[in-house]
Amino acid sequence: MSDTLLEIDNLSVDYETARGDLKALRDISFDVKKGEIVGIVGESGCGKSTLISSILRLTAPNTRFRQGEVRFKGDDLLTMPERQMRNLRGSDISIIFQDPMQTHNPVLSIGRQMVDIQHRTKVSKSEKRSIAAKMLAAVGIPDPEARLKQYPHEFSGGMRQRIAIAMALMSEPDLLIADEPTTALDATLEVQIIERLQELQREFHCAILFISHHLGVIAELCDRVVVMYAGAVVESGDVREIFHDPKHPYTRRLIECDPGHIKERARVLPTIPGEVPDLANLPDGCIFRDRCEQATDRCAQVPPLEKLKEGHFAACWLNHPEESST
Amino acid sequence: MAKSHSELSIILRGVAKDPLGLLGLIIVGMIVFSAIFAAWIVPYDPIGMNIPDRMQAPSLSHWLGTDSLGRDTLSRVIMGGQVALKVALPAVFGAMAIGLTLGMIAGYGPKWLDNFLMLFFDTVRSFPTVMFALAVVALIGPSLQTIVFVVMATSIPTYGRVARTQTLTLRNSEFILAERAMGASMTRILGVHMLPNIIGVLAVLAAMDIPTVIALEAGLSFLGLGVKPPTPSWGALLKDGYALIRQTPWLVVGGGLPIILATLGFTFLGESLRDVVDPKLRKNR
């Protein structure tokens, strides 16, 4: 208990829409321990963003928390008073967003934004400036003092993302949420950012919840992985376990489809046929059933997320011997 | 502090690069200069009557001639500029400040408050300005303050609507979400992060609005509902000149020309400012 930082317990979140309730997250459970890097993988629309906004409680007005808890250091974030929640954001929990071109105020200098973000610390403005310069140096921006006077559009995308990381780590958070921080960058920058993140993580000892659809990055960076599909966790466990011995057909297909894994030259890249089911009108049984090649009659019932061995969970009937199903 | 200075100099340099902007800047500068130092540069007392010299044509001693009471027209034109700015500046900046505050609240606050404020704006806007002014003047009498009040009340909705639209666009932008995710309070988001993004647009609007207000003041004074008689005003000059247009045409010129110049000057300046302040256009330069 004491070394668990973030616990997500049976979380279900709906969006109220004109077509009926969109079941964006269903029975999500996983936890993040102190100083651990947990990756979340899944294709677009699988609920990654909803999950982040639920943790930060910055959700759209039509969001409804149906059940479950998001506990941070033992306190439920979903029922916490707004004021207390706001004090957690940016101090104990920080976030890096996907698109570095959009996350800075275009009309304020970087220095001003980095000073402003320290509004909770009671030190003089010049001290805040020097802290800001120190953080910029820590993320590898040369000549930080002079750079503080510049505006966001004077930096490149990679630099802006590093500035975003500097701003997120400035308060020395316990949990850093990284929402696809390298998706908008090119491949060489991606490696740089990941390495920088790893270094800083060792220095600051914060836990990182790393959201990505890039499996290579996840394998490189994370200790554990949570694989999400259509708003549910289908598999979770240690990175090594998941990548070497995936127990859910979706995870297996996802790894097969990763261009980094394909050895031979192919004319057409492999894909998973079919589409993510309509979340407003969920089919019965296993959600992956329609796209799964190994689907059987048993899949008409929803498979539970079962512990297969220490640190490896999967939700698929294939891991259960035939007779135990009925 | 040094930073905002450089920002201002960037804007001024941008305006000066554009020929029309430079012209506007010069005209506005002249009007503002003569208004500030009016008391020292007027050649005669603008309200001092001199019956023997009445209705004189322009000459070396009276550059713009004299009116039916022998008052020097040039002195009255300069003093009238001061009156015009005394009405226009407080009215426009007051309306901008109030409109900005209400507009940002409407754009960022709850839906019901937005609806309420928009209803208020639309109600105020539905009064024709001149009719509203006539009604107010009839109620509380003509004076400088009355005009300032009328102008302010009628132009708050314009600023409010623009501020609201800007706020609505910004509130869903990613950097505002990022600030919220970093624990910024509502006042911090509005004051530190949104205000600098909105103020430029409103400043341009204000610069373009000043000539309208000057014209409105002149119009009310022309109708005899503006500033009280001995006080010189461009509109009052026009009115005096209009009655005697055959005998003393220089009065109409003296009242009309500054209105035209002020309108052109502020409009050129405003348009040029718009091009410089707009961050999208600025990036391309």
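When B:Pro211, B:Pro230 are screened for being surrounded by fewer than 18 Cβ atoms within 10 Å (Cβ to Cβ) and of a type outside the set (Phe, Trp, Tyr), only B:Pro230 passes.
Residue-level check: of (1) part of a loop (DSSP other than H, G, I, E, B); (2) within 12 Å of chain B (Cβ to nearest Cβ), A:Arg112 misses just (1). Restricting the search to helices (runs of 4 or more DSSP H) fully inside the stretch A:210-261 and requiring at least 1 residues that are crowded, with 24+ Cβ neighbours inside 10 Å and polar (S, T, N, Q) gives A:249-257.
Does the stretch B:182-197 contain at least one residue that is part of a helix (DSSP H, G or I) and under 30 Å from B:Gln82 (Cβ atoms)? No, every residue in the stretch B:182-197 fails to be part of a helix (DSSP H, G or I) and under 30 Å from B:Gln82 (Cβ atoms).
Evaluated against (1) small (Gly, Ala, Ser); (2) within 28 Å of A:Asp14 (Cβ to Cβ); (3) part of a loop (DSSP other than H, G, I, E, B), A:Ala266 falls short on exactly one condition, (2).
For the stretch B:198-212, a tally of residues being within 14 Å of chain A (Cβ to nearest Cβ) and modelled with pLDDT of 85 or more returns 2. In summary, A:Ser94 fulfils each of the numbered conditions (1) within 9 Å of chain B (Cβ to nearest Cβ); (2) outside any strand (DSSP E or B); (3) not β-branched (Val, Ile, Thr) with the single exception of condition (2). No other residue among A:Leu78, A:Leu148, A:Leu136 is at pLDDT 85 or above and in contact with a Pro (Cβ under 6 Å, 6 or more places away or on another chain) apart from A:Leu136. Residues satisfying the criterion are absent from the stretch A:50-65 (criterion: surrounded by 21 or more Cβ atoms within 10 Å (Cβ to Cβ), at pLDDT 85 or above, over 13 Å from the mean Cα position of the chain (by Cα) and within 27 Å of A:Leu254 (Cβ to Cβ)). For the stretch B:148-158, indicate whether the set of residues that are facing chain A (nearest Cβ under 10 Å), of a type outside the set (Phe, Trp, Tyr) and buried (at least 19 other Cβ atoms within 10 Å of the Cβ) is non-empty. No, the stretch B:148-158 contains no residue that is facing chain A (nearest Cβ under 10 Å), of a type outside the set (Phe, Trp, Tyr) and buried (at least 19 other Cβ atoms within 10 Å of the Cβ).
For beta carbons closer than 9 Å, sequence separation of 6+ or different chains, a first residue in the stretch A:288-301 that is among the aliphatic types (A, V, I, L, M) and a second that is modelled with pLDDT under 85 and assigned to a helix (DSSP H, G or I), the qualifying pairs are A:Ala295/A:Arg289; A:Ala300/A:Arg289. It is to be established whether one or more residues within the stretch A:15-23 are away from chain B (no Cβ under 14 Å), aromatic (Phe, Trp, Tyr) and either under 25 Å from B:Ile176 (Cα atoms) or not in a strand (DSSP E or B) (or both). Within the stretch A:15-23, one or more residues are away from chain B (no Cβ under 14 Å), aromatic (Phe, Trp, Tyr) and either under 25 Å from B:Ile176 (Cα atoms) or not in a strand (DSSP E or B) (or both). Screening A:Ala184 on (1) modelled with pLDDT of 85 or more; (2) part of a loop (DSSP other than H, G, I, E, B); (3) surrounded by fewer than 19 Cβ atoms within 10 Å (Cβ to Cβ) shows it passes everything except condition (1).
I want to confirm something. Restricting to the stretch A:55-90 and keeping residues that are hydrophobic (A, V, I, L, M, F, W, C) and part of a strand (DSSP E or B), which single residue is farthest from A:Arg120 (Cα to Cα)? The residue in question is A:Phe65. In the set (1) without any contact (Cβ under 8 Å) to a residue 40 or more places away in the chain; (2) more than 14 Å from chain A (Cβ to nearest Cβ), the condition left unmet by B:Ala184 is number (2). Residues in the stretch A:292-317 that are part of a helix (DSSP H, G or I) and farther than 20 Å from A:Val226 by Cα: A:Asp297, A:Arg298, A:Cys299, A:Ala300. B:Met194 meets each of the listed conditions (1) modelled with pLDDT under 85; (2) under 18 Å from B:Val277 (Cβ atoms); (3) surrounded by 22 or more Cβ atoms within 10 Å (Cβ to Cβ) apart from (1).
Here A:Thr79 meets the list (1) more than 14 Å from chain B (Cβ to nearest Cβ); (2) touching a residue at least 12 places away in the same chain (Cβ under 8 Å) almost entirely, failing just condition (2).
The values are calculated or read from the model by the stated rules, or taken from the named source; none is laboratory data. Because the structure is predicted, anything quoted here is derived from the model rather than measured. Please note: Cβ atoms are built from the backbone with ideal geometry, for glycine as well, and neighbour counts cover all protein chains shown.
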